[in-house]
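Just so you know, all these numbers are worked out from the coordinates, no wet-lab data involved. Predicted model only: the values in this text are computed from it and were never measured. Glycine gets a Cβ as well: all are built from the backbone with ideal geometry, and neighbour counts include every protein chain shown.
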Ligand code: FES
């Protein structure tokens, strides 16, 4: 697992984009629970950092597809799955595992 950011850098119901090992990763905070996903929509590649977080989902700013932040499942089109990475909190530090994703 690698260090991504401090919890205090990701506002509640907010996001922070980071580059980890050359990959654009988006961190999302939902009431203190942190999620990490690829910052690229699996539909047509839009960056997701301008997306809206609601009801445990992140919606893409381009066509509005909603992705479950736990499973990556797309509520609006089952053909697409967002890559979600395991997250662990070490005190204030957000650690992300890029070696596997939660989708499989
Ligand atoms: S590019 Fe994200 S829904 Fe189309």
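Here the contact order of the chain, divided by its residue count and restricted to Cα pairs under 8 Å and six or more residues apart, works out to 25 percent.
For segment 1-53, dividing the convex hull volume of the Cα atoms by the residue count gives 80 Å³ per residue.
Each residue, residue 31 and residue 75, gets one label point 7 Å from its Cα in the Cβ direction; the gap between the two is 1.6 nm. Take the alpha carbon gyration tensor of segment 2-96, find the square roots of its eigenvalues, order them as a ≥ b ≥ c, and report rounded if a/c is under 1.5; if not, report prolate when a/b exceeds b/c, else oblate. Since a/c reaches 1.5 and a/b is larger than b/c, the shape of segment 2-96 is classed as prolate.
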